[in-house]
1. Mind listing the phi-derived Karplus ³J(HN,Hα) values for segment 123-134, rounded to whole Hz, using 6.51, -1.76 and 1.60 with θ = phi - 60°, and x for any glycine or proline?
2. Could you check how many percent of all C-alpha pairs in segment 52-119 are farther apart than 18 Å?
3. ³J(HN,Hα) across segment 167-177 via Karplus (A = 6.51, B = -1.76, C = 1.60, θ = phi - 60°), whole Hz, x for Gly/Pro?
4. Report the trypsin sites (Lys or Arg not before Pro) located in segment 127-205 that are in a DSSP loop and have at most 12 other Cβ atoms inside 10 Å of their Cβ, or state none.
5. Once amide H atoms are built 1.01 Å from N in the peptide plane, which residues 5 or more positions from Thr107, or in another chain, come under 5 Å H to H?
6. Once R0 is set to 35 Å, what does the formula 1/(1 + (r/R0)^6) return for the Cβ-Cβ distance between Gln93 and Glu158, expressed as a FRET efficiency to the nearest 0.05?
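Nothing in this text is a laboratory measurement; each read-out follows from the coordinates by a stated rule. Just so we're clear, the structure is a prediction, and the values are computed from it rather than from any experiment. Cβ: placed from backbone, ideal geometry, glycine included. Neighbour counts: every protein chain shown.
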Amino acid sequence: MPQIEFDLVSSFRLPVLYSTAKLRCTFFNIRGLGKSAEGFDDMLVHHMGEVYYPLDCTPLDPRWFEGSPTALQLSNLGISKFRAGALRTVRRQQLSGTEDVVFIFPTREREHFGHLRIEDEGGPGEIYVLNSSEPYWTQIANKTQNVTIKVSANCVRERFPLLDRTYGRRDIANAGMVPIVAQLALQTFNMVPLVNAQVLKRTEGNILDLMCIMLETRNVNDVPESTTVALSDIAFQRLSSFLSHHF
């Protein structure tokens, strides 16, 4: 039998905190034992699918691969922080099912990616967006870390109609806001055990609003003033209220 070690370090489901959400926080660690392991890729695919959606996953060296995603599922957003060894993932063409987008914020090491016929790379301080209904691939190096936000494509399009122009490219967002959005997403993990349902719901709305502002204001001169001001006002009011009451 192949020697495979899979550590489900902790996996727990929190109570439903508000009626529209299944709030679930999971953490797992998967790693090889230093020997060739037939079936390791299948195990990795299964558990990556639990956090994101079905992906073909191929570690550069399964014997020494180690990856640890931590995921939080809120009402509309799935937030994850991920560290892993060298890994290639492929998303196949989907003819049916849900259409999600993932906003990936590299925080350590550069990441290569391709979406349809577009290829690019991004590193810390940058962001790239991929659509689950279309074929794409990613390739990361050892010791890579990132933050990912998964959300329904239509949920973003309602706020930012030009979403479909962003897939597979870098330099698509306001560079000054990229770390702000990533940091707010990370802080949400720390808040879960400490705050009530309404605070989490407002935080989720703030993150979604800021994500759209981040995309809209890549080049402020290209954004209709009325749209930007209206959306900015909403986010500013929510963030001001949130920060004044909880920090």
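1. Karplus values, whole Hz, x for Gly and Pro: x, x, x, 10, 8, 9, 10, 10, 10, 5, 8, 10.
2. Details: 1107 of 2278 pairs.
So the pairs more than 18 Å apart make up 49 percent of the total in segment 52-119.
3. Each residue of segment 167-177 in turn: 5, x, 10, 9, 6, 10, 9, 5, 4, x, 8 Hz.
4. Passing both the DSSP loop test and the Cβ count: Lys143.
5. For Thr107, the qualifying residues are Gln145, Asn146, Val147.
6. Values: r = 25 Å, r/R0 = 0.72.
In this case the efficiency is close to 0.90.
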